[in-house]
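See structure below.
The values are calculated or read from the model by the stated rules, or taken from the named source; none is laboratory data. The structure presented is a predicted model; accordingly, all values stated were derived computationally and were not measured. Using ideal geometry, Cβ is built from the backbone for each residue, glycine included, and neighbour counts are taken over all protein chains shown. Accessible surface areas use protein heavy atoms only, side chains included; no ligands, DNA or RNA. Shrake-Rupley method; radii C 1.70, N 1.55, O 1.52, S 1.80 Å.
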Amino acid sequence: MIEEPYRWVEAIANRREYLEAQLAPGSPIAALGFRDGILFLTVGQTRQKIFEIYDRIAMGAIGHPGDIERLRMAAIELASTEGFTRSAADVSLRRLVHYSLSPVMKSAFEQIYGPPYLARMLFAEVGRRPEEDLFLRVEYDGEIATNGATYAQARQDFAALSGTQQSRELMEQFLKDQHTPDSTFEAALNSALDAWSIGHMFLQAGETKKLPERAAVVQHRQEQLVNAGIEAAVLERDGSRAIRYRSLSDKELRALIRD
Amino acid sequence: MERAPVGFDQNSSGAAGDFPSLLRRKGLLGPAAIAPMPQAGAAQKIWEQTEATTILAFKFSGGVLVAGDRRATAGNTVVYDRADKVLEIDRHSIMAIAGVPATAWEMARVLEHSLQYFRRTQLQEMSVDGKVRALSKLLRDNFGFVMQGVGVVVPIFATYKGNSKPEARLYFYDAMGAQFEATDYAATGSGSPAVRGILYYENHWGAKPLHKLSENEAVSVALRALDTAAESDTATGGVDRSGKIYPLIKIVSREGITTLPESKIAAVFKETVA
């Protein structure tokens with residue numbers, strides 16, 4: 001039965017629907033390039049969602065922890081063996097995602113007898129200058145979105161990941177207006193938190209295309225931060241150290257929130 | 001359904017964060033060398049320890065000082081006078097090497113990547129004991145080559161434990177991988193007998209015991225010791241007065257690793273050694 005082409009298309013469509021439903025409650029992650037590096041931020045409930053992959057590469061992910069773990073391990077293995085056999089400078093996020101992760105995720109998604117990867121990931125690689133920062137979002141079907149240099153859009157120094165497409169688009173809309181790549185860490189932190197709040201507010205809220213009022217965003221953030229902690233990390237731009245990843249504590253970040 | 005390109009070990013065993021075994025699985029690191037079995041009747045070759053260099057390390061008031069001369073030799077020939085034998089492994093660990101450079105640098109590279117691989121995959125820093133053991137295992141895996149007469153490495157490992165009770169830790173190894181924790185100082189390489197004598201003397205009858213020395217005093221002791229070793233050991237470079245080549249000195253402290261600038265070493269040398 002499944003050999004018939006239209007059955008296959010139907011099975012894929014069902015699978016897509018299932019995966020979207022599973023990913024829908026995923027708490028958003030914002031990644032912002034700023035003057036001194038790239039900031040990854042989410043407001044965490046239970047488990048870690050932001051990870052170090054290699055010297056200049058970090059990852060944020062939503063989805064099933066088992067699938068995230070397998071993809072994370074694969075990315076670290078690939079980057080580490082590449083960095084060991086050649087050099088750290090030869091490890092490239094673009095190659096890692098385009099040639100290794102994406103094909104594997106695509107074939108797992110389309111081989112309908114086997115399970116797909118239930119994960120959506122956001123990678124970033126810090127450059128020497130903000131213009132060289134690379135952001136890549138990888139979907140469960142291997143689809144890749146980058147932060148720019150495509151025909152349709154101007155280059156952006158940020159990326160967002162969320163459970164639903166509309167939540168993500170609102171975050172991107174907000175960051176496009178609010179964020180500049182030459183901002184300070186403090187400004188980037190506040191923009192990232194606001195972006196998270198907007199993404200989180202609109203995870204389930206129908207077909208909205210309009211950004212909420214500022215007061216509503218602040219209120220939502222304050223409510224959420226009562227019980228949940230901020231999970232964040234930076235990839236430092238400073239080239240004097242090989243390893244750029246540094247995780248940030250909830251306590252040091254709360255002191256920098258403006259309102 | 002098989003997912004060959006991203007194949008992982010599903011067992012979450014203790015070996016999960018082990019980088020050398022990952023490299024072996026991918027064919028990027030040779031198998032652990034096995035020593036040749038002695039043939040009956042064949043003349044037994046006595047293994048000679050040849051580590052031509054001098055490395056020393058001791059604890060002082062600011063952490064651990066690790067110093068090494070810069071000479072690399074092949075037999076009686078000096079092949080290089082700017083060799084770097086004091087290598088940074090991570091933010092708080094230094095491995096200093098005496099022995100065959102090719103093996104030693106490869107070992108340092110594997111160790112460096114191992115610690116980072118562990119941190120990234122297991123989401124925690126490897127403990128000091130774990131790091132010490134990782135180096136021991138690399139030496140053990142290399143012992144077959146040592147018995148074949150190539151690739152002997154005798155390192156020193158200095159690190160700073162940053163947990164509840166921060167303290168400097170210093171270890172030295174033998175070629176088989178046995179690790180020994182040094183309370184005050186360690187030295188290895190062909191010039192080490194002289195250095196060990198000096199450090200013992202300084203520690204017991206010097207103006208102050210080694211662990212109370214200031215940074216400048218510690219640098220002075222290290223330079224004097226290396227210069228003494230070079231006096232009688234041809235394989236140790238000491239200080240090249242005409243070429244202005246100074247030993248490499250690094251310090252591990254709570255804040256991390258600092259490499260002393262050549263100008264500073266030169267100043268101490270001029271004032272207290274030359």
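Given the stretch A:50-142, what strands (runs of 3 or more DSSP E) lie entirely inside it while holding 2 or more residues that are over 17 Å from residue B:123 (Cα atoms), under 13 Å from the mean Cα position of the chain (by Cα) and at the interface with another protein chain (Cβ under 8 Å from one of its Cβ atoms)? Result: empty, no element qualifies.
Is it fair to say residue B:68 is in contact with a Leu (Cβ under 8 Å, 6 or more places away or on another chain), in contact (Cβ under 8 Å) with a residue 24 or more places away in the chain and more than 14 Å from chain A (Cβ to nearest Cβ)? So that I can check it myself, show each step before the final result.
Working: in contact with a Leu (Cβ under 8 Å, 6 or more places away or on another chain): yes; in contact (Cβ under 8 Å) with a residue 24 or more places away in the chain: yes; more than 14 Å from chain A (Cβ to nearest Cβ): yes.
Yes.
Among the candidates B:128, B:79, the residue that is of a type in the set (Val, Ile, Thr), in contact (Cβ under 8 Å) with a residue 40 or more places away in the chain and open to solvent by 10 Å² or more (accessible area, probe 1.4 Å) is uniquely B:128.
Please find, among A:61, A:13, A:74, the residue that is under 30 Å from residue A:225 (Cα atoms) and among the small types (Gly, Ala, Ser).
Numbers: A:13 fails: under 30 Å from residue A:225 (Cα atoms); A:74 fails: under 30 Å from residue A:225 (Cα atoms).
Of the residues listed, the single one that is under 30 Å from residue A:225 (Cα atoms) and among the small types (Gly, Ala, Ser) is A:61.
Has the stretch A:2-18 got any residue that is under 16 Å from the mean Cα position of the chain (by Cα) and modelled with pLDDT of 95 or more? No, because not a single residue in the stretch A:2-18 is under 16 Å from the mean Cα position of the chain (by Cα) and modelled with pLDDT of 95 or more. Looking across the stretch B:94-115, just one residue is surrounded by 24 or more Cβ atoms within 10 Å (Cβ to Cβ) and facing another protein chain (nearest Cβ under 10 Å), and that is B:114.
Select from the stretch A:78-129 the residues that are of a type in the set (D, E, K, R) and surrounded by 23 or more Cβ atoms within 10 Å (Cβ to Cβ) and list them in ascending order.
Just the residues of the stretch A:78-129 that are of a type in the set (D, E, K, R), to begin with: A:82, A:86, A:90, A:94-95, A:106, A:110, A:120, A:125, A:128-129.
Answer for the stretch A:78-129, where residues must be of a type in the set (D, E, K, R) and surrounded by 23 or more Cβ atoms within 10 Å (Cβ to Cβ): A:120, A:125.
The helices (runs of 4 or more DSSP H) found wholly in the stretch A:164-259 and carrying at least 3 residues that are over 21 Å from the mean Cα position of the chain (by Cα) and more than 29 Å from residue B:117 (Cβ to Cβ) occupy A:214-227. Of the listed requirements (1) in contact (Cβ under 8 Å) with a residue 12 or more places away in the chain; (2) open to solvent by 40 Å² or more (accessible area, probe 1.4 Å), residue A:213 misses just one: (1).
Residues in the stretch B:228-252 that are open to solvent by 20 Å² or more (accessible area, probe 1.4 Å) and over 18 Å from residue B:83 (Cα atoms): B:228, B:231, B:232.
Of the residues making up the stretch B:233-245, those that are closer than 18 Å to residue B:189 by Cα and in contact (Cβ under 8 Å) with a residue 40 or more places away in the chain are B:233, B:234, B:235, B:236, B:237, B:238.
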